[in-house]
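See below for the structure under consideration.
The values are calculated or read from the model by the stated rules, or taken from the named source; none is laboratory data. Only a predicted model underlies this, so the values are computations on that prediction, with no experimental measurement involved. Positions of Cβ are generated from backbone atoms using ideal geometry, with glycine treated the same way; all protein chains shown enter the neighbour counts. Keep in mind that these areas ignore ligands, DNA and RNA; they rest on the heavy atoms of the full protein, side chains included. Shrake-Rupley method; radii C 1.70, N 1.55, O 1.52, S 1.80 Å.
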Amino acid sequence: MLLQPFYFPWAGMFDMMSRCDLFVFYDDAQFVRGSWQSRNRILSPQGVKWLSVAIDRSGHVGTAIRDMRVNDREGWRTKHLNQLREAYRKTPHFDLVYPEVETLLAQDSDRLVDFSTGSVLLCARLLGIATPVACASTFDVGPCRGEEKVIALMRAAGADCYYDGASGVELYAPERFAAAGLALRFHAYEHPVYEQGDSLREHAALAKAGTAAAPDIQDAPDAPDTPDAQGAPDTTGAGGARPFTPYLSVLDLLFRTGPQALDILRSGNREVA
């Protein structure tokens with residue numbers, strides 16, 4: 001599996017991570033401003049909120065993710081901790097998750113990739129996912145892009161099957177992988193519904209209906225990332241209650257369900273064995 005390092009990604013990405021033999025951070029892909037590479041969504045009592053990492057504006061177009069720097073003058077680390085505390089301080093597993101995020105954000109680094117990859121590794125550990133990880137930049141595959149890059153990385157890693165998100169159906173040609181003696185597999189996922197405080201427990205239809213608009217762009221290595229592609233969630237329900245809100249950062253699931261989070265997120269897998 002090859003994926004750009006995203007900031008506290010959604011549950012479906014971790015389902016994929018739990019099912020592959022090697023997870024590779026596509027850290028030498030191009031950075032895209034306003035993308036999942038530097039932000040994600042949480043659910044506060046007031047509705048959906050964004051956690052957005054402040055990026056150093058001196059970074060130029062075409063800069064690789066691994067070379068982007070954060071801008072600590074804007075106080076984004078403290079803001080994120082305050083947002084998380086406000087949103088989840090009353091959740092059952094706040095004391096388990098919050099200190100871990102606090103430690104991550106306190107690290108002495110100005111590199112975006114340390115926070116994005118760090119957020120993935122932190123959440124994977126809390127979920128109990130032990131899949132080996134690597135960075136694409138550590139493989140010597142030469143100058144290549146797209147399918148050619150994926151195939152070159154697979155060969156360098158000794159892999160025989162590439163596991164990609166549903167959006168990969170539009171990006172990759174199975175025949176090209178087959179010609180290289182490699183298999184290609186796509187993730188089929190339906191967002192599971194879990195308790196979100198005052199959400200409607202029976203509102204699974206929203207998550208199912210939203211599957212077609214799921215943020216598959218979060219798992220497309222070369223696709224431009226547009227957070228608005230997730231669509232604005234419906235946060236109104238009968239009698240003023242809030243229906244289930246899918247496609248948030250996995251932090252929402254961890255804060256609310258703790259040790260049950262892995263079983264819940266894996267229940268969304270819809271692949272045929």
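Let me know the shape class of segment 66-115, please: from the alpha-carbon gyration tensor, a ≥ b ≥ c as square roots of the eigenvalues, rounded when a/c is under 1.5, otherwise prolate if a/b is greater than b/c, or oblate. Don't skip to the answer; put the middle values down first.
Values: a/c = 3.15, a/b = 1.98, b/c = 1.59.
It is prolate, given that a/c is not under 1.5 and a/b is the larger ratio.
Applying the Karplus parametrisation 6.51 cos²θ - 1.76 cosθ + 1.60 with θ = phi - 60° to the phi angles of segment 253-260, what ³J(HN,Hα) value in whole Hz is obtained for each residue in order, glycine and proline being reported as x?
The phi angles translate into 5, 5, 4, 8, 10, x, x, 7 Hz.
Heavy atoms only, probe 1.4 Å: what % of the accessible area of segment 72-123 goes to carbon and sulfur, would you let me know? The partial results should precede the final answer.
Values: 1260 of 2730 Å².
The value for segment 72-123 is 46 percent carbon and sulfur by accessible area.
Report, by chain and number, residues whose modeled amide H sits under 5 Å from the one on CYS135, excluding near sequence neighbours (fewer than 5 apart, same chain).
The answer is PHE25.
Using a simple spin-label model with points 7 Å from Cα along the Cα→Cβ vector, what separation in nm is obtained for LYS79 and CYS144?
Calculated label separation equals 4.1 nm.
How high is the FRET efficiency from LEU121 to ALA178, r the C-beta distance, R0 35 Å, rounded to 0.05? Display every interim value, and only then the final one.
Numbers: r = 33 Å, r/R0 = 0.94.
The pair LEU121/ALA178 has a calculated efficiency of 0.60.
Let me have the relative contact order for segment 23-97, percent, based on Cα pairs under 8 Å that are six or more residues apart. Please report the intermediate quantities before stating the final value.
Values: 71 pairs, mean separation 22.5, N = 75.
Across segment 23-97, relative contact order equals 30 percent.
Roughly how big is segment 53-186's charge dipole about its Cα centre, with Cβ charges of +1 (Lys, Arg) and -1 (Asp, Glu), in debye to the nearest 20?
Details: 16 positive and 18 negative charges, 46 e Å.
For segment 53-186, the charge dipole is close to 220 debye.
Between ALA156 and ALA134, what is the label-point separation in nm under the 7 Å Cα-to-beta-carbon projection?
In this crude spin-label approximation the distance works out to 0.9 nm.
Need the C-alpha centroid separation for segment 135-188 versus segment 31-83, integer Å.
28
Assuming a ≥ b ≥ c are the square roots of the Cα gyration tensor eigenvalues, decide whether segment 1-145 counts as rounded (a/c under 1.5), prolate (otherwise, with a/b larger than b/c) or oblate. Write down the numbers at each step before the final one.
Values: a/c = 2.03, a/b = 1.26, b/c = 1.61.
Taking the square roots of the gyration eigenvalues as a ≥ b ≥ c, segment 1-145 is oblate.
How would you classify segment 1-85 from its alpha-carbon gyration tensor, with a ≥ b ≥ c the square roots of the eigenvalues: rounded for a/c under 1.5, else prolate if a/b is greater than b/c, otherwise oblate?
Working: a/c = 2.48, a/b = 1.10, b/c = 2.26.
Verdict is oblate for segment 1-85.
For a Förster distance of 22 Å, can you work out the FRET efficiency between the beta-carbons of VAL169 and ASP21, rounded to the nearest 0.05?
On the way: r = 22 Å, r/R0 = 0.98.
Once rounded, the FRET efficiency stands at 0.55.
When you count, for each residue, the other Cβ atoms within 10 Å and take the mean per peptide, how do 250-262, 62-74, 30-42 rank with the highest first?
On the way: 250-262: 22.1, 62-74: 16.3, 30-42: 20.5.
In decreasing order of mean packing, 250-262, 62-74, 30-42 become 250-262, 30-42, 62-74.
In 5 Å bins starting at 0, how do the alpha-carbon pair distances of segment 102-161 split up by percent?
4, 15, 20, 15, 19, 15, 9, 3
On the principal axes of its Cα set, how long, how wide and how thick is segment 25-74? Give whole Å, largest value first.
Computed over the Cα atoms, the extents are 37, 26, 15 Å.
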